[in-house]
Amino acid sequence: MASAIEAPATIQAEGPTQHTQNQALEELVTRLERLLEKEATTSGTYGYTRAEQLEALHKLREPFPTSEIRHRPQPWCKRCSETQGWPKVCGDHRLVKCPNCNGQKITDAHICLKFIGHAEATNRLLNVDPFWGWEPMALDQAGLPQYDGNRGMWIRMTVCGMTRIGYGDATGKNGANAVKEIIGDAIRNAGMRFGMALDLWTSSELEIIESGGASLEDEGKAPGQQPGASQNPPAAADQSADVDAFQKRVSNGWNHLGATEMALAEAEKKGINPVVPFEGDHLHIQDVLKIRIKALKEKAAQGGATERTAA
């Protein structure tokens, strides 16, 4: 009986099969994706339109709910900060348990800074762009993030195809906790460049820092003078502009304990003490500030808000 003739293994059916068609299509799609990715990277948009980028920025700048905002104390008295040992309180101030800053014990010469935590910042970024990312600007020999001479780290953070630079540090911390703090601080700092949590700052509060705060940073100088020396009013002819600016700063910080204390320290140091109207009477501005400070401290002791916001 004649045996059946089998076709050689090398002989194939003519024309492309379904399998080869799928392979060609997958290869074409892969090449197209690479071209689009290269074009997006070169243009700096990473596939996002300008309208989508602007929408993302608006979402980043939305105010955080009160439940996600925390407080931390920031001493404004240089002598308190430089005091050796614990507690860090100079002779002009006292140790208090701040109800706004989670009950932390700190000098009363501090301001309550509002800030958002690492988790809250990450959650906001993920809601805006699930593919956001960050990278250190430099690596060490082991391939790990490189720190600068201040134990801080510079990063690049990319959100919706936009990249901003940020910086983070962990003053006073060591070990693994310091590493996590540096990363979180850098992310929050870079996020602020996109406008995230920027609403925690106001122009009036920045003015308080740049004016009253600067005068307390002078090396080796105490914030006050002898009581009798501050009663002489300044020369009106050449200092009227300074007095007007000072009174404006007092007005801006009227409801903030730290800002009012800084204003009093500046007034005593510079001899600013004009007579101003106050509650139906006329008093020297230093006396007015002392009365206001006492009232704000009593309000804080009762749980009232006397803080200044910051990022």
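No lab work stands behind these numbers, since they all come straight from the coordinates. All of these numbers come straight from a predicted model, not from anything done at the bench. Counting neighbours? That spans all protein chains shown, and the Cβs are built from the backbone with ideal geometry, glycine included.
So the values come out like this:
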| item | result |
| --- | --- |
| 10 Å-binned pair-distance histogram of the range 40-122 (Cα, whole percent) | 15, 29, 20, 16, 13, 7, 0 |
| Loop chymotrypsin sites (Phe, Trp or Tyr not before Pro), the range 57-142 (other Cβ atoms within 10 Å of the site Cβ: 14 or fewer; DSSP) | Phe131 |
| Surface/4 of the Cα convex hull for the range 66-199, nm² | 9.9 |
| Inter-label distance, nm, simple model (7 Å from Cα along the C-beta direction), Gln74/Ile291 | 3.1 |
| Extended-chain gain in nm, criterion 0.36 nm per residue less alpha-carbon gap, Tyr167 and Asp199 | 9.6 nm |
